[in-house]
Amino acid sequence: MPASIDEPDWRDPGEAAASARAVPASFDIFCRVIDNLGDIGVCFRLARQLVAEHAAQVRLWLDAPEALARIEPAYVPGEPSALVRGVRVRHWPRDPFTEPLAEVLIEAFGSGLPDPVLEVLERAPWQGSAPPPTWIVFEYLSAETWVETCHRLPSPPVRGALPRYYFFPGWTDRTGGLLREADLFARRDAARMRGQAEFLEEFGLRPPEPGQLTISLFCYQPAEGALAAWAQGKARLRCLVPEGVARAALARHVGADRLAVGHEVRWGALDIVTMPFLPQDDYDRLLWACDLNFVRGEDSLVRALWAARPFIWQIYPQADGAHAAKLRAFLARYGEGIDAAYAAVLNECTLAWNGLGTAGDFAACWARLTACLPELAGAAARRTEALASQTDLATQLTRFCASLRTHRTDGA
Ligand code: TRH
């Protein structure tokens, strides 16, 4: 556990004003693509926002940059030093570190820093001249309470005698907050004005039938019996599934050959539509177009929150089962301010979807959930509004880095 220090409080307006002078102009973000797309998804989103809203120069160092092409078609794998939406994408460790380090170094999700960077830090070339870089350890999102006590703490100085500072995304104002672009809600509301049918038409899809519920499905594995429950249920459902998601489970029921992109398969009350795997911005539009979203991991969870519609979250499963406490902490936090009866329905359905809890039977939970979907929609909109009152993550990060730099420049 890192030692605590008395950090300047960047939430204080006086400190914020002083820090404004020290706002960092450049960031190096280091990300290892462990599996899936959450790590790269979060890092690219953060990088884009630092460029667009904080006038920063950002290099995003990826060990598997080809993964970026899945969520951002403007990136062409193999292109050295590509500029994608203002973000300079570099291949770690293939590309050499010939340029000076940025003012802020972000080590994302325990990725560590590449050896050549550590060697530069050890040489400490800034001594007696420019201030040293600020080293941030950017952590996973969690609603657990310990996060509040660890957010912004330093770890003991390492290479080049630099301390590393922990930065935790989170759900309260004692954490680093959630990624949210300044224009996100304006884009969402404009898309909603244009309507669901227009979005579907872009992908060659017919509008939903009257009374049919539109859901999106992004998960690791659907809960046992869930697909059959949808097919045999009373509610008419149309499920939009990005290509490759839940493929084995869907193929078992409807046949792999019917899961080609653009195809629509009817199975009882359930229509299954295979969508292309979308660019990040289009995935937002998919979430905005649906009545209910199934999301997973970290980044799509936050995007579903901002869609202001009900969602069911599947957490990334950990071998030691640590994800169960994390999921329950999230449910408790998200359930704040939601009528207890509706929060209970959401909780049991989410736990069943994750194969956790006593509920077990997804089909029974599902029937209860669809029965109160209008109330859950109202609650989702209110939760979104409440959480949107917090300062967004990118702003908090730049302010925190600025406060550290001010602190240091002041000789502390
Ligand atoms: O891909 P994930 O399961 O990522 C996971 C989690 O982040 C988890 O916490 C982490 O430990 C693990 O990776 C290593 O789910 P996530 O976080 O939602 O990331 C998916 C990204 O893909 C997100 O940025 C949204 C994006 N996306 C698209 O751009 N288009 C799509 O069609 C879909 C379905 C997703």
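Please treat every number below as a calculation from the coordinates, not as lab data. Just so it is clear, the model here is predicted, and its values are computed rather than measured. Here the Cβ positions follow ideal geometry from the backbone for every residue, glycine too, while neighbour counts run over all protein chains shown.
A few remarks follow.
- If the chain linking residue 69 and residue 251 were pulled fully straight, counting 0.36 nm for each residue of separation and taking away their Cα-Cα distance, it would gain 62.9 nm.
- Taking the chain and dividing mean pair separation by its residue count, relative contact order in percent (alpha carbons under 8 Å, at least six apart): 17
- Qualifying trypsin sites (Lys or Arg not before Pro) in the stretch 153-259, DSSP loop, other Cβ atoms within 10 Å at most 12: 234
- As a calculated quantity, the FRET efficiency between residue 198 and residue 115 at R0 = 45 Å, using C-beta atoms, amounts to about 0.35.
- Overall shape of the stretch 119-216 was characterised from the C-alpha gyration tensor. The equivalent ellipsoid obtained from it has semi-axes of 46, 18, 12 Å, in decreasing order.
- Among 250, 366, 323 the positive-end extreme of the charge dipole of the stretch 184-387 (Cβ point charges): 366
- Debye intensity ratio I(q)/I(0), log10, the stretch 317-412, q values 0.12, 0.15, 0.16 Å⁻¹ (C-alpha model): -0.56, -0.73, -0.78
- Förster-model FRET efficiency, 56 Å R0, residue 232 and residue 76, C-beta, rounded to 0.05: 0.80
- Cβ-defined net charge surrounding residue 32, 9 Å radius [Lys, Arg +1; Asp, Glu -1]: -2
- Cα long-axis angle, helix 280-289 against the chain (0 to 90 degrees, to the nearest 10): 40
- Length added when fully stretched, residue 55-residue 361, from 0.36 nm per residue minus Cα-Cα: 105.2 nm
- Those Cys residues of the chain for which no other cysteine Cβ falls under 4.7 Å: 150, 219, 239, 290, 372, 401
- Rounded if a/c under 1.5, otherwise prolate or oblate - the chain, Cα gyration tensor axes: prolate
- For residue 185, net neighbour charge (Lys/Arg +1, Asp/Glu -1) across residues whose Cβ lies under 12 Å away: -2
- Each semi-axis of the equivalent ellipsoid for the stretch 184-387 is √(5λ) with λ an eigenvalue of the Cα gyration tensor; in descending order they amount to 24, 21, 16 Å.
- Taking each DSSP H run with n ≥ 4 as -39500 (n - 2.57) and averaging over every residue of the chain yields -11500 deg cm²/dmol at 222 nm.
- Helix 393-409 vs. the chain, principal-axis angle (Cα, 0 to 90°, nearest 10): 10
- Within the stretch 184-387, percent of DSSP bridges classed antiparallel, to nearest 5: 20
- For residue 312, the residues whose amide H sits under 5 Å from its own are 293, 294, 295, ignoring neighbours fewer than 5 places away on the same chain, with H placed 1.01 Å from N.
- Each Lys and Arg adds +1 at its Cβ and each Asp and Glu adds -1 at its Cβ; summed about the Cα centre, the chain shows a dipole of about 480 debye.
- The charge dipole of the stretch 31-119, taken about its Cα centre with unit charges on the Cβ atoms of Lys, Arg (+1), Asp and Glu (-1) only, comes to about 300 debye.
- Cα centroid of the stretch 272-287 to Cα centroid of the stretch 85-101, whole Å: 29
- Built amide H within the under 5 Å cut-off of residue 269, gap 5+: 232, 233
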